[in-house]
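Worksheet for the structure shown next.
The values are calculated or read from the model by the stated rules, or taken from the named source; none is laboratory data. Note that the structure is predicted; figures quoted are calculated from it, not measured. Methodologically, a virtual Cβ is constructed for each residue, glycine included, from the backbone with ideal geometry; neighbour enumeration extends over all protein chains shown. With ligands, DNA and RNA removed, areas are computed over all heavy atoms of the protein, side chains included. Shrake-Rupley method; radii C 1.70, N 1.55, O 1.52, S 1.80 Å.
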Amino acid sequence: MTNLDLNKASEIRNLALGDLPSLYLDLNSSSQGLSLEQWQRNYQKYGKNILAMEKREWAIIRFLRLFFSPLSILLITLSLASYFTGESRGAVLIALMVFLSATLTFIQEYKSNNAAKKLKALVSTKVLVCRAGLEVEVDLDQVVPGDIVRLTVGDLIPADVRIISSKDLYINQASLTGESLPTEKSYICLDSSAASSFDWSNLAYMGSHVVSGMGDALVLKTGNSSFFGEIARETTAQIKKSSFDQGITQFTWLMIRIMVFMIPAVFLINGFVKGSWLEAALFAIAVGVGLAPEMLPMLVTVNLAKGAISLSKKKVIVKRLNAVQNLGAMNILCTDKTGTLTQNEIILEKHIDVYGNDSAQVLEYAYLNSHYQTGLKNLMDVAILKHVDVHEKLHDDNSYQKIDEIPFDFQRRRLSVVLRKNNQHDLLICKGAVEEMLDCCKFAQVDDELVPLTSQHLQDLQEVVANLNSDGFRVIAVAVREGVKSERIYSPADEANLILIGYIAFLDPPKESAKQAIAAMQQCGVEIKILTGDNEIITRKICHEVGLPINQVVLGSEMEVLSDDQLAIKASTTQIFAKMTPQQKARVIRVLQMQGHVVGYLGDGINDGPGLKAADVSISVDSAVDIAKESADIILLEKSLMILYEGAIEGRRVFGNIMKYLKMSASSNFGNMFSMLGASALLPFLPMAPVQILLNNILYDLSQTAVPTDSIDPEYLQSPREWNVKGLARYIFCIGPISSIFDYLTFGFLWFVLNANNVAMSPLFQTGWFVESLLSQTLVVYIIRTGKIPFKDSRPSLPLVVTTMLICIAGVILPYTILGQQFQMTPLPPDYWYGLAFLLPCYLLLTQIVKMWFVKKWGVL
């Protein structure tokens, strides 16, 4: 542990073990609570009881921030360069693409964030406090250190508190620790050497809530000084850059490097060869614009928005669009078990005799005890009372009459009711913690016989309990004592010489869908790791039941002595991390990311905040605490791994279509510009007019607008998909030059066959290459969109076929129209089409052959 952690642990220990009069004195309070004057002084000193959530931004600032990505800056720069060199049409087009992309992204995220805000759990903001001896109800933010608060069932713990009185007080700390079962709290410190801050029985923390009982508590820490507040501050201070953002940035820098070589080379060659430096500058800028994937921001946004809409139909709200792709890239999902693998509901799983055999009698006695007790019923009582069939069996003749009750307290850790059956004799039924119950039992019932509890018998009985505990059960013992008819009042002294009947065992059982979902996630390449604050035994049991392989378990205490490198080695082979603090969860995520993994994290509690911020894609649920929903990229309306599986598949589908555009656009543009570089040195005129380059780019990009609707090969969806910029560069340099080969063949055909070999015939040359370039790069979409044989093994979507065919038809007709004349085109002779009918099929065939070789050698991008 760090010095900071040691100091924190020491401070908490002092708060738990310190005497109350000293704490009252330190906080200027008393057993009657704060006076009004002292409350005002404490309020001025400590401030409001509120948390530092994520800093809010003006909507306009958030919108403008979208224009500062590397890709947007590149495109805006090219737009300005086009504008100042007279190509205003191209400049407007590029600027429009950037603006539309930013607008769509802003609208989608704005709507999603508003929806997420509406999903925040509505909790009581009022707290009952004792001030100057009077009970008053105040707003949550008005609670200060020194206040005494009254706690009852359903109340949120408003601050970090010290329990000063209690009755049957059980608190759910799942949002802090991940433990699904409630924790007993008492004004008495039951353990003076607690292993964790949450194990102190007389301390409770902001963010937990009361599930049964009642009590009074002294407020120790509020707002940002509370445990919850420290996590909130740490969480909101972190800024992460997702794998999607990193990939886009890497791709942008790849294009910048290509441009840095191509643009000056084109400018210098044309300037020296043709002597017109202004014309060379215009052409070089046009080449730069031609290289830039100006539709990329738009298509990325449309793809991500389409994925977000698809996920919304599956009860998933996407707060940040980039998270859709991150889901597809995710290869490790870290999650707590409570509510994800389990039902987050306590269920009575076993009712057994002292040797572990099923026993209906044990359930009947436990039911009578829970039914007739008048205290506040905890979650385990509720689980017992769900067995209505037992009620009908026991009360068919109304034979039971309640005589007395010995309430629960933390010293005895048991509760007894005394019933009279058929007006005959009294029956004392006691249930409680196993160790305390065994101290009161003299006999055990075995097959209708009473066996004295010797030391050997006790050892055997404790082994049964130990086996249940090792399976993750919380065990309660049930015992009885039959007496004579009596009118006297019963007391704890009567809980002696009891007969041990057996045990009832509780569990938060696994979800029925968890096993199927885990198998599906693993089959599609996503490894599941459990990061929980719960104990190892219970976690092992749940993981075993849902089919999660367990090779290794690491405890939070073991992590403290490991360096990041040592932890990274362990983390790669470990499935369960138990008894974890929030900071330890975030550390595990970071070391996994250091190994190149894309990590998702699913959490809904206060203790999940740092982990959610650290993950590449953070996922929460609509019932989560506010800090978890603030930190999340994605919010589920149903806490289910199966929904996440579907989300991962959708993310891969989105990424697949984004990659299609990148491969098609970048390789085709690179090939065209490579052709222009050579043609600039060889021809006495420009191979294509600058305005034609821009028009070619516009028409090609329009043909790609239907890419988001395209189908994805099933094999592509079977493994995580993340950015591989090196592979993309390799693809560009393999596929791009193929189009250059046929461009040069087209040049030869135009020069030698059609005699477009002088300045006067340059419009024919430029028009011929324009049409060939447009048709070849538009039709090659069908080759590049799949790793298989197009149409035979993989069919494109109908919208993609329609848009590409329309653009091809437009490209063929354009030279014969008035509009074509505006773009310096001329009608093409019949011989041109004969040559093109030969060149195009050869180009597509060679591209298919090279693509198949590429896929075989390096796989599908």
State all residues of segment 467-490 that are at pLDDT 85 or above and out of contact with any strand residue (DSSP E or B) (no Cβ under 7 Å at 6 or more places or on another chain); if no residue qualifies, say none. 467
Restricting to segment 673-692, name every residue that is under 17 Å from residue 740 (Cβ atoms) and open to solvent by less than 10 Å² (accessible area, probe 1.4 Å). 673, 675, 676, 679, 680, 687, 688
So which residues in segment 813-859 are surrounded by 13 or more Cβ atoms within 10 Å (Cβ to Cβ), within 53 Å of the chain's Cα centre (by Cα) and not in a helix (DSSP H, G or I)? 823
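Can you find a residue in segment 710-723 that is out of contact with any Lys or Arg (no Cβ under 9 Å at 6 or more places or on another chain), at pLDDT 90 or above, of a type outside the set (Phe, Trp, Tyr) and open to solvent by 10 Å² or more (accessible area, probe 1.4 Å)?
Our first condition is that a residue be out of contact with any Lys or Arg (no Cβ under 9 Å at 6 or more places or on another chain); within segment 710-723, this holds for 714, 722-723.
Add one more test, that the residue is at pLDDT 90 or above, and what stays is 714.
If we keep only those that are of a type outside the set (Phe, Trp, Tyr) as well, we get 714.
Then keep just the ones that are open to solvent by 10 Å² or more (accessible area, probe 1.4 Å); that gives 714.
Yes, because at least one residue in segment 710-723 is out of contact with any Lys or Arg (no Cβ under 9 Å at 6 or more places or on another chain), at pLDDT 90 or above, of a type outside the set (Phe, Trp, Tyr) and open to solvent by 10 Å² or more (accessible area, probe 1.4 Å).
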Check on residue 63, modelled with pLDDT of 75 or more, over 30 Å from residue 162 (Cα atoms) and either touching a Phe, Trp or Tyr at 6+ places or on another chain (Cβ under 8 Å) or part of a loop (DSSP other than H, G, I, E, B) (or both): yes
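Can you list the helices (runs of 4 or more DSSP H) lying wholly within segment 566-666 that have 1 or more residues being touching a residue at least 12 places away in the same chain (Cβ under 8 Å), surrounded by 24 or more Cβ atoms within 10 Å (Cβ to Cβ) and of a type in the set (Val, Ile, Thr)?
Once the helices (runs of 4 or more DSSP H) in segment 566-666 are filtered for at least 1 residues that are touching a residue at least 12 places away in the same chain (Cβ under 8 Å), surrounded by 24 or more Cβ atoms within 10 Å (Cβ to Cβ) and of a type in the set (Val, Ile, Thr), what remains is 582-594, 626-631.
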Hey, among the residues in segment 446-474 that are open to solvent by less than 60 Å² (accessible area, probe 1.4 Å) and in a loop (DSSP other than H, G, I, E, B), which one's nearest to residue 363 (Cα to Cα)? 473
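Among the candidates 158, 145, single out the residue that is closer than 16 Å to residue 11 by Cβ and either assigned to a strand (DSSP E or B) or modelled with pLDDT of 80 or more (or both). Step through it out loud before you land on a result.
Working: 158 fails: closer than 16 Å to residue 11 by Cβ.
Exactly one of 158, 145 is closer than 16 Å to residue 11 by Cβ and either assigned to a strand (DSSP E or B) or modelled with pLDDT of 80 or more (or both), namely 145.
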Pull out all pairs, ordered by first then second residue, where Cβ-Cβ is under 9 Å, the residues are six or more apart or on different chains, the first lies in segment 348-359 and is at positive phi, and the second is assigned to a strand (DSSP E or B). 356/350; 356/502; 356/503
Pairs where the first residue, in segment 762-791, is closer than 17 Å to residue 664 by Cα and in contact (Cβ under 8 Å) with a residue 60 or more places away in the chain and the second is surrounded by fewer than 22 Cβ atoms within 10 Å (Cβ to Cβ) and of a type in the set (Asp, Glu), C-beta under 8 Å, 6+ apart: 786/713; 786/793; 787/713; 787/715; 788/713
Per the filter on segment 690-711, residues within 15 Å of residue 304 (Cα to Cα) and β-branched (Val, Ile, Thr) are 705, 707, 709
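Against the condition at pLDDT below 85, of a type in the set (A, V, I, L, M) and in contact with a helix residue (DSSP H, G or I) (Cβ under 9 Å, 6 or more places away or on another chain), how does residue 498 come out, does it pass? Show your work before the answer.
Working: at pLDDT below 85: no; of a type in the set (A, V, I, L, M): yes; in contact with a helix residue (DSSP H, G or I) (Cβ under 9 Å, 6 or more places away or on another chain): yes.
So residue 498 does not fit the description; no.
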Restricting to segment 489-525, give me the number of residues that are under 30 Å from residue 652 (Cα atoms), out of contact with any Pro (no Cβ under 7 Å at 6 or more places or on another chain) and not charged (D, E, K, R). 12
Report the residue count in segment 510-557 for those that are touching an Asp or Glu at 6+ places or on another chain (Cβ under 7 Å) and of a type outside the set (Val, Ile, Thr). 6
I'd like to know if segment 421-441 contains one or more residues that are part of a strand (DSSP E or B), under 39 Å from the mean Cα position of the chain (by Cα) and under 26 Å from residue 547 (Cα atoms). no
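Could you go through segment 171-190 and let me know if any residue there is part of a strand (DSSP E or B), among the hydrophobic types (A, V, I, L, M, F, W, C) and surrounded by fewer than 22 Cβ atoms within 10 Å (Cβ to Cβ). Working first, answer last.
The first filter runs over segment 171-190 and keeps only residues part of a strand (DSSP E or B), leaving 171-172, 183-184.
If we keep only those that are among the hydrophobic types (A, V, I, L, M, F, W, C) as well, we get 171.
Restricting the remaining residues to those that are surrounded by fewer than 22 Cβ atoms within 10 Å (Cβ to Cβ) gives none.
Checked against the condition, which is being part of a strand (DSSP E or B), among the hydrophobic types (A, V, I, L, M, F, W, C) and surrounded by fewer than 22 Cβ atoms within 10 Å (Cβ to Cβ), segment 171-190 yields no hits at all.
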Check whether at least one residue in segment 739-756 is of a type in the set (Phe, Trp, Tyr), buried (at least 18 other Cβ atoms within 10 Å of the Cβ) and in contact with a Ser or Thr (Cβ under 7 Å, 6 or more places away or on another chain), and report yes or no. yes
Which residues, taken from segment 512-540, are more than 23 Å from the chain's Cα centre (by Cα) and farther than 18 Å from residue 177 by Cα? none
Those residues that are of a type in the set (A, V, I, L, M, F, W, C) and either within 21 Å of residue 760 (Cα to Cα) or open to solvent by less than 10 Å² (accessible area, probe 1.4 Å) (or both), I need them from segment 693-705; list them, please. 693
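Any residue at all in segment 321-331 that's among the polar types (S, T, N, Q), more than 28 Å from residue 183 (Cα to Cα) and modelled with pLDDT of 90 or more? First the steps, then the outcome.
Within segment 321-331, the subset among the polar types (S, T, N, Q) is 322, 325-326, 331.
Imposing the further condition that a residue be more than 28 Å from residue 183 (Cα to Cα) reduces the set to 322, 325-326, 331.
Next cut, modelled with pLDDT of 90 or more only: 331.
Yes, the conditions are met somewhere in segment 321-331.
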Checked 237, 265, 232 against criteria (at pLDDT below 75, open to solvent by 10 Å² or more (accessible area, probe 1.4 Å), in contact with a helix residue (DSSP H, G or I) (Cβ under 9 Å, 6 or more places away or on another chain) and among the aliphatic types (A, V, I, L, M)); the one match is 237
Sort out for me the helices (runs of 4 or more DSSP H) sitting completely within segment 304-407 that have 2 or more residues that are more than 30 Å from residue 573 (Cβ to Cβ), open to solvent by 10 Å² or more (accessible area, probe 1.4 Å) and not charged (D, E, K, R). 360-372, 379-385, 388-394
Identify the single condition in (1) surrounded by 13 or more Cβ atoms within 10 Å (Cβ to Cβ); (2) of a type in the set (Gly, Ala, Ser); (3) modelled with pLDDT of 70 or more that residue 90 does not satisfy, given that it satisfies every other one. (3)
Qualifying positions in segment 671-709 - out of contact with any Pro (no Cβ under 6 Å at 6 or more places or on another chain) and of a type in the set (Val, Ile, Thr): 691, 693, 698, 705, 707
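Could you count how many residues in segment 695-704 are modelled with pLDDT under 80 and more than 23 Å from residue 737 (Cβ to Cβ)? Break it down into steps so the answer makes sense when it comes.
Of the residues in segment 695-704, the ones modelled with pLDDT under 80 are 697-698, 701.
When the remaining residues are screened for being more than 23 Å from residue 737 (Cβ to Cβ), the result is 698.
Matching residues across segment 695-704 total 1.
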